[in-house]
1. Sort out which residues of segment 43-61 are in contact with a strand residue (DSSP E or B) (Cβ under 6 Å, 6 or more places away or on another chain) and closer than 11 Å to ILE87 by Cα, and write them in order of number.
2. Take VAL144 and decide whether it is in the same structural domain as ILE47 (by TED's automatic domain parsing) and farther than 23 Å from LYS16 by Cα.
3. Please go through segment 10-68 and pick out each residue that is among the charged types (D, E, K, R) and within 30 Å of ILE282 (Cβ to Cβ).
4. Can you name every residue in segment 7-64 that is surrounded by 15 or more Cβ atoms within 10 Å (Cβ to Cβ), charged (D, E, K, R) and closer than 20 Å to SER110 by Cα?
5. Could you identify the single residue in THR139, THR119 that is in the same structural domain as VAL43 (by TED's automatic domain parsing) and surrounded by fewer than 24 Cβ atoms within 10 Å (Cβ to Cβ)?
6. Only one of (1) in contact with a strand residue (DSSP E or B) (Cβ under 7 Å, 6 or more places away or on another chain); (2) within 30 Å of GLY215 (Cβ to Cβ) is not met by ASN35, so which one is it?
7. Hey, any hits in segment 122-141 for a residue that's more than 24 Å from TRP88 (Cα to Cα), over 18 Å from the mean Cα position of the chain (by Cα) and not aliphatic (A, V, I, L, M)?
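The values are calculated or read from the model by the stated rules, or taken from the named source; none is laboratory data. Treat the numbers as computed from the prediction; the structure is a model and nothing was measured. Cβ: placed from backbone, ideal geometry, glycine included. Neighbour counts: every protein chain shown.
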Amino acid sequence: MRYPGSLKEGLQVLVKVPLHVSGIWFPVMKCNLINSGSLGAGVNLDIWLSAKLTSSQKSPLLVNGEEHFTQHYSYILRRTGAKPVNIWIESPIRPGAGFAVSAASSIAISLILQLVSGTKKTVEKMLWPAHEAEIMMSTGLGDVLAEYFGGAEIRVRPGAPGIGMVEHIPFDDSLRVVVADIETSLGTPRMLSEISDAEYGFARELYSRLVKEPGIEELFTYSNMFTRKIFDYSSVDKLLLPIKNLVLGYYFKKSALVILVDKQEAREVNEYLSSKGLKSIITRISMEGIKIVYTCESPEKREPIDKREDS
């Protein structure tokens, strides 16, 4: 898809990006950032970060009213050569919890800066600076690619959108995902630096099994097995023990707890987590990737733009 031209007066751009939780990953570094990234798998959630232009803030970038990802903004600004603008981002889940808010923010920054400048690039190429920024700042290796495509995905070729590739894992519409932020965080740069070669070797083994036998429950099982090598599951296992019979699968990354359940069990699982003082959300796996919506001053007139290439 190509952007149709420079923004006309009174036209606003809104970017929405699904949040994503990787369950299996291992780095694949090439001679340049565009081709580098990770292979792995994860789920995109029907939980959306949104971003828009604003003129009412002193900082060029605010996420939930606070300064975050300023280095990402600066890198993307330099990389694109765009003029600086103020961007307001809202995320239903805080940065740093394991839901790829940094990648979603980088996507939004890269798109808005270039759309405002009237770029003629495809959406895929507009996302290259976002992908590069995530690798440069060690905040994500494959999340930009995953969030671009949406779904329950296996990343089968590393790289930025337009270069990297994913395969989608089918799943039944009756499935739901209950997520919670359990508020214990290990920063992504530290996390990536502390994973051993042996642990990444285990990730490759599980990844190969998933590629040969792709399935949503397998994704959760293998993600649990890998992340259990990195994160302390003791409190999570104890938490979920009373509702274990309601759970089809779960995994835990940083502070992100992701639980796969049948639709009829979702409310009970959610109420149980809430009773334990956790902020939990019932959601789905979203098959949509990023959304770009152009809105005129009249809010009832809006035109969604898809991501497909021009034919």
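1. Selection gives SER50, ALA51, LYS52, THR54, LEU61.
2. For VAL144, the condition - in the same structural domain as ILE47 (by TED's automatic domain parsing) and farther than 23 Å from LYS16 by Cα - is not met.
3. Of the residues in segment 10-68, the ones among the charged types (D, E, K, R) are 16, 30, 46, 52, 58, 66-67.
Scanning segment 10-68 gives LYS16, ASP46, LYS52, GLU66.
4. LYS16, LYS52, listed by residue number.
5. THR119
6. (1)
7. no
Matching residues to (1) more than 23 Å from ARG78 (Cα to Cα); (2) in a loop (DSSP other than H, G, I, E, B):
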position: ALA108; (1), (2): no, no
position: LEU111; (1), (2): no, no
position: LEU115; (1), (2): no, no
position: GLU124; (1), (2): no, no
position: GLU134; (1), (2): no, no
position: GLY140; (1), (2): no, yes
position: VAL144; (1), (2): no, no
position: VAL156; (1), (2): yes, no
